[in-house]
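The values are calculated or read from the model by the stated rules, or taken from the named source; none is laboratory data. The model shown is predicted, which means the values in this text are computed figures rather than measured ones. Counting neighbours? That spans all protein chains shown, and the Cβs are built from the backbone with ideal geometry, glycine included.
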Amino acid sequence: MAATNRKLYIKADRSIELTKQEVTLGDVLSMECTDPTIVTRLKTERLLKMPEQGQNRFVFSILKVIEQIHRVYPGLDIENLGETEFIVTYEKQKTPGKAVHFLKTVGVVMITFLGSAFSIMAFNNDVDVGKMFGQVYEQLTGVPSSGFTLLEVCYSIGLIIGILVFFNHFAGKRFSVDPTPMEVEMRLYENDIQTTLVQNYERKKKEIDVK
């Protein structure tokens, strides 16, 4: 099909997760063209059929996508505005019960709480905060510390406030529009994983590319 004097802009994300086996160009690309019929036609063009068993993740070169588009529109001018390689992962749709979600939530909360509590206690014991507070209290008041004074109370309250401010998140609400430190670390981790996957597929010559 001819498509002279037309330009197609395409954009693919770094990682795409799908719950269906038939992968079309519309599933992996955002497309824009002055001729809307071209975009409508290309969105239904099949790129890959995921196997039922075995490998469920593929790495594509954008050149393979451009080749597929040129099979339909040989004269089409294409400009890529997104990634040069992208990952397509097939995930079978699963709907775990509410009990499973509840147990997972309880497990994550317990691990986070116990881990944080252990870290705080280990730090306090390492630097001997209790002894330091006792010495400060005795110097200021002239009375030996009982171990539960205004210093310990203020320290505990300040610790809670500091954690909430640092993580910028409490009870599903944010204190500001900035991402939390955990979200930043998770995005960095995801980027590292995606980069490693692409490089591994390239080295093993498993990337779906033009020949």
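For the stretch 62-97, name all the residues that are out of contact with any helix residue (DSSP H, G or I) (no Cβ under 9 Å at 6 or more places or on another chain) and under 21 Å from Leu8 (Cα atoms).
Matches in the stretch 62-97: Ile62, Leu63, Lys64, Ile66, Glu67, His70, Arg71, Pro74, Gly75, Asp77, Glu79, Leu81.
Can Ile111 be described as β-branched (Val, Ile, Thr), modelled with pLDDT of 85 or more and surrounded by 10 or more Cβ atoms within 10 Å (Cβ to Cβ)?
Answer is yes for this residue.
Could you grab me the full set of residues in the stretch 153-211 that are over 30 Å from Asn56 (Cα atoms), assigned to a loop (DSSP other than H, G, I, E, B) and either among the acidic types (Asp, Glu) or in contact with a helix residue (DSSP H, G or I) (Cβ under 6 Å, 6 or more places away or on another chain) (or both)?
Asp178, Thr180 - these are the residues of the stretch 153-211 that are over 30 Å from Asn56 (Cα atoms), assigned to a loop (DSSP other than H, G, I, E, B) and either among the acidic types (Asp, Glu) or in contact with a helix residue (DSSP H, G or I) (Cβ under 6 Å, 6 or more places away or on another chain) (or both).
Inside the stretch 168-211, can you point out the residues that are over 26 Å from Ile87 (Cα atoms), among the hydrophobic types (A, V, I, L, M, F, W, C) and surrounded by 11 or more Cβ atoms within 10 Å (Cβ to Cβ)?
Residues satisfying the conditions are Phe170, Phe175.
State all residues of the stretch 37-57 that are at pLDDT below 90 and surrounded by 14 or more Cβ atoms within 10 Å (Cβ to Cβ); if no residue qualifies, say none.
Answer for the stretch 37-57, where residues must be at pLDDT below 90 and surrounded by 14 or more Cβ atoms within 10 Å (Cβ to Cβ): Leu47, Leu48, Met50, Asn56, Arg57.
Could you list, in sequence order, all residues of the stretch 18-34 that are assigned to a strand (DSSP E or B), surrounded by fewer than 16 Cβ atoms within 10 Å (Cβ to Cβ) and out of contact with any Lys or Arg (no Cβ under 8 Å at 6 or more places or on another chain)?
Passing the criteria: only Glu32.
Among the residues that make up the stretch 138-149, is at least one of them in contact with a Gly (Cβ under 6 Å, 6 or more places away or on another chain), surrounded by 12 or more Cβ atoms within 10 Å (Cβ to Cβ) and on the phi < 0 side of the Ramachandran plot?
Yes, the conditions are met somewhere in the stretch 138-149.
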